[in-house]
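Colleague: Just passing along the structure, written as structure tokens.
The values are calculated or read from the model by the stated rules, or taken from the named source; none is laboratory data. Predicted, not measured: the structure shown is a model, and the values here were computed from it. FYI the Cβ positions are ideal-geometry reconstructions off the backbone, even for glycines, and counts take in every protein chain you see. The protein model used for the area step is the full one, side chains on, heavy atoms only, and it has no ligands, DNA or RNA in it. Shrake-Rupley method; radii C 1.70, N 1.55, O 1.52, S 1.80 Å.
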Amino acid sequence: MTVDILAVRTKRLLDTARYLNLASVGEGGGPWVATLEYVWFADPLRFVFGSSTGSRHSRHIRARPQVSGSLFIADSPGTDVAISSADGAQFTGRCAEISPDRLDEYYARFYETVFPDPRERAEWQLPASLLQSPAPHRLYLVEVERWWLIDTRTWAQDRIDRRIEVPLDVQTPA
């Protein structure tokens, strides 16, 4: 698979997947997966999501910032999804609350992406002041360290589900 094809697939996934599955592990709390709405940023690849500071994944991130996650899309709606129409990615990275001094970098684009309809955004968008201490919500930033795509080239022959690692420097810009 060429680097160009991997970059095109990556961009399609990032632009099309609505939700990000984020896995975290807390101190003594075991693993946890949260399904989150997100926005992505290029150069370097990053994800931003919003969450309550009291959620399990937020508590885990404070204790251990290392996370992993996945994105998935299927062209066919319903339960009968052909393997050729599905695509997905997995990643590892580091996650932290976005500090108040960096909130302006991500705030507007996050809400515009998650709530593209202006009326819906007006209803649900939190003011930036409610994304800072002592308020109970934050925006979080995942800095992606490694990225893999589903590799189904040999599925028909051996039925082995593989991944192909994509170097981060071939990511397609936003």
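Colleague: Among residues other than F41 whose Cβ falls under 11 Å from its Cβ, what is the net charge (Lys/Arg +1, Asp/Glu -1)?
Modeller: Residues near F41 contribute -1 overall.
Colleague: So, one more: For region 24-165, what does the accessible surface come to per residue with a 1.4 Å probe? Please give it in Å².
Modeller: 56
Colleague: Further question on the same structure: Roughly to the nearest percent, how much of the accessible area of the chain is carbon and sulfur, given a 1.4 Å probe?
Modeller: So the carbon and sulfur contribution to the accessible surface is 54 percent.
Colleague: Report the extension gain between H137 and A156 in nm, rounded to one decimal, defined as 0.36 nm multiplied by the number of residues separating them, less their alpha carbon distance.
Modeller: 2.2 nm
Colleague: What's the ranking of 17-29, 110-122 by average number of surrounding C-beta atoms within 10 Å, highest first?
Modeller: The most tightly packed comes first, giving 17-29, 110-122.
Colleague: While we're looking at this one, here's another question. Between R153, R94, R59, which gets the highest mean-square fluctuation from a Gaussian network model of the chain, Cα cutoff 10 Å?
Modeller: Highest fluctuation of the listed residues: R153.
Colleague: I'd like the FRET efficiency for E123 and I5, computed as 1/(1 + (r/R0)^6) with the beta carbon distance as r and R0 of 30 Å, rounded to 0.05.
Modeller: 0.15
Colleague: Mind listing the phi-derived Karplus ³J(HN,Hα) values for region 133-139, rounded to whole Hz, using 6.51, -1.76 and 1.60 with θ = phi - 60°, and x for any glycine or proline?
Modeller: 4, x, 4, x, 10, 9, 9
Colleague: Continuing with this model, one more query. Comparing A86, A156, A128, which has the greatest mean-square fluctuation in the GNM of the chain with Cα pairs linked when under 10 Å apart?
Modeller: A156
Colleague: Would you mind checking the tilt of helix 3-16 against the longest principal axis of the Cα atoms of the chain, expressed as 0 to 90 degrees and rounded to 10?
Modeller: Relative to the chain, helix 3-16 is tipped by roughly 50 degrees.
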